[in-house]
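Read-outs throughout are calculated quantities, based only on the coordinates presented, and are distinct from any laboratory measurement. Note that the structure is predicted; figures quoted are calculated from it, not measured. Cβ atoms come from the backbone with ideal geometry, glycine included; neighbour counts cover every protein chain shown.
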Amino acid sequence: MDKNGHVFDSRCYSEPATVFIMVAEAPAVEFSLDLNDEQRQLQQWVHGFAEDVMRPAAAEWDEREETPWPVLEEAAKIGIYAPEFLAHAAGDGTGLSLPIVIEELFWGDAGIGMALMGTSLAVAAIAGSGTPEQAIEWVPQCFGTPGDLKLAAFCVSEPDSGSDVAAMKTRAVYDEAKDEWVLNGQKTWISNGGIAAVHVVVASVDPDLGVKGQAPFVIPPNTPGLRQGTKFKKHGIRASHTAEVFLDEVRLPAKCLLGGKEKLDAKLAKAREGGVTRQSAALATFEATRPAVGAMALGVARAAYEYALDYAKERRQFGRAIIENQAISFTLADMKMEIDAARLLVWRAAWMAKNRKEFLAAEGSMSKLKASEVAVWVTERAIQILGGMGYVRDTPVERFSRDAKIFTIFEGTSEIQRLVVARAISGMHLQ
């Protein structure tokens with residue numbers, strides 16, 4: 001039990017990586033929309049933090065466009081920004097605790113939410129591609145400790161390689177004499193890029209093999225040759241740091257190759273022989289996290305809907321509350337319906353991923369696509385309901401709308417998600 005009275009699972013989570021591995025082998029859990037008591041307690045606890053700590057700070061950090069370290073410190077003190085918490089949420093056999101937590105955080109604020117959750121993408125790559133020993137070593141270093149917080153970054157996108165992961169130019173060359181890997185290249189649009197303690201970088205080992213010739217590497221803190229480039233000034237999620245990362249003769253010991261060289265050599269040999277290999281580390285990580293991105297979008301959409309609903313009940317025109325006008329009430333009904341429909345897709349995909357159900361129709365992409373486009377649609381309607389007040393910064397819906405747009409772009413644009421779904425349902429390699 002933490003100091004706020006939230007009760008965690010009775011198991012010890014002192015080694016988060018062990019939890020990730022243990023959960024992966026758990027038996028399948030039947031899908032249910034009926035949240036259990038622990039899930040409800042978790043939801044209420046995180047909602048309280050979002051309401052009491054994140055929302056009051058949201059406008060300030062949006063204006064400052066800086067990482068909200070004081071909010072992260074508060075989250076770390078009560079255990080929300082910690083490997084144990086992420087492991088606990090990810091360890092739920094139903095798959096629902098993690099999207100529930102994420103939705104509440106992004107209901108609080110998307111920029112601060114991204115600052116809190118940006119580390120988790122690197123953690124997902126380490127847990128998904130690394131050995132148990134690597135996960136135990138690196139996952140705690142991604143978070144640090146209260147008073148000495150750290151961040152982590154997952155580095156995939158490049159100036160000429162966003163949606164086209166196969167076009168990646170960052171190279172990793174093995175120096176056999178020193179048993180080291182040498183990385184050179186440029187990454188862009190990286191959350192926590194340059195300010196992270198731990199960077200997980202996907203690089204091409206054999207460019208001729210495209211995505212099959214790529215591998216993920218952990219770059220430890222203070223490694224020479226890694227530096228931050230331009231920090232981007234963004235339309236939304238401004239409290240989340242986004243920047244370029246340059247790699248100039250970055251030398252890494254062999255242990256920093258996630259999964260190890262023996263596993264990589266076997267994968268490359270199989271690919272060269274024309275055999276079927278697992279998808280790239282980048283694509284595998286994104287596929288696993290798409291329901292989580294959908295949950296982020298849901299949080300923003302719900303925040304906008306709730307604000308617009310309250311406003312419509314209170315705002316009076318022509319002698320009555322504007323919600324009594326059918327145009328307004330029907331719009332709010334559609335907003336609620338679309339949010340709930342998107343949540344069902346997110347929960348289904350999260351349950352399927354957790355219980356190793358194959359995405360035969362790209363259900364992970366469906367969930368991210370639907371939720372992200374619902375967030376844009378709902379926040380735009382919220383502005384319209386508020387009228388002029390929705391367009392100024394006196395109310396938060398203007399920020400909600402700016403924040404919502406990113407979900408249709410990062411971790412696979414809406415166009416890419418539609419392509420993934422189309423390929424899945426047709427069985428054809430559509431372009």
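Computed from phi, the 3J(HN,Hα) profile of the stretch 302-309 under the Karplus parametrisation 6.51, -1.76, 1.60 (θ = phi - 60°) reads 5, 4, 5, 4, 5, 5, 5, 5 Hz, with x in place of Gly and Pro.
Within the listed set A76, A269, A215, the residue fluctuating most in the Gaussian network model of the chain (springs between alpha-carbon atoms under 10 angstrom) is A269.
A Förster distance of 45 Å, applied to the separation of the beta-carbon atoms of S329 and D164, puts the FRET efficiency at 0.50.
Bridge orientation summary for the stretch 152-272: considering DSSP beta bridges with both residues in this region, about 85 percent are antiparallel. Along its first, second and third principal axes, ordered by size, the stretch 49-107 spans 39, 20, 19 Å in Cα coordinates. Exposure proxy shown here: for K261, K370, the number of other Cβ atoms within 10 Å sets the order, fewest to most, as K261, K370. Listed here are the pairs K313/K368; K234/K313; K255/K354; K178/K231; K212/K255; which of them are more than 26 Å apart at the Cα? Check vs 26 Å cut-off fails for K313/K368; K234/K313; K255/K354; K178/K231. Entry note, the chain: the mean residue ellipticity at 222 nm calculated from DSSP H runs of n ≥ 4, each adding -39500 (n - 2.57), is -16500 deg cm²/dmol after division by the residues and rounding to the nearest 500. Shown in residue order for the stretch 404-418 are the 3J(HN,Hα) couplings computed by the Karplus curve 6.51 cos²θ - 1.76 cosθ + 1.60 at θ = phi - 60°: 5, 4, 4, 5, 8, 10, 7, 6, x, 5, 4, 5, 5, 4, 5 Hz (x for Gly and Pro). Legend: ranking of residues F246, F143 from fewest to most surrounding C-beta atoms inside 10 Å; resulting order F246, F143. Straight-line cross-link partners of K150 among the lysines, defined as a Cα under 17 Å from its Cα and at least 8 positions apart when in the same chain: K77.
Summary value for the chain: 16 percent relative contact order, contacts being C-alpha pairs under 8 angstrom separated by 6+ residues. For the stretch 16-149, the gyration tensor built on C-alpha atoms gives an oblate shape. Its axis ratio a/c (a ≥ b ≥ c) is at least 1.5, and a/b is not larger than b/c.
Across the stretch 281-426, Cα-Cα pairs farther apart than 20 Å form 49% of the total. For the stretch 326-402 versus the stretch 62-93, the inter-centroid distance based on Cα atoms is 23 Å. Toward the positive end of the charge dipole of the chain, with +1 on the Cβ of Lys and Arg and -1 on the Cβ of Asp and Glu, the farthest Cα among Q417, M54, T131 is that of Q417. Of the trypsin sites (Lys or Arg not before Pro) in the stretch 157-191, the ones in a loop by DSSP (not H, G, I, E or B) with at most 15 other beta carbons within 10 Å are K169, K178. Take every Cα pair under 8 Å whose residues are at least 6 apart in sequence, average their separation, divide by the length of the stretch 16-149, and the relative contact order is 39 percent.
Taking amide H as placed 1.01 Å from N in the peptide plane, L151 has its amide H under 5 Å from the amide H of A197, V198, each at least 5 places away in sequence or on another chain. With neighbour counts taken as other beta-carbon atoms within 10 Å, the residues S204, S367 rank, fewest first, as S204, S367. Amide H to amide H distances under 5 Å link L226 with D248, where only residues 5 or more positions off or on other chains count and H is placed in the peptide plane. 3J(HN,Hα) couplings calculated from phi for the stretch 370-375 with the Karplus curve 6.51 cos²θ - 1.76 cosθ + 1.60 (θ = phi - 60°) are, in sequence order, 4, 5, 5, 6, 5, 4 Hz; Gly and Pro show x.
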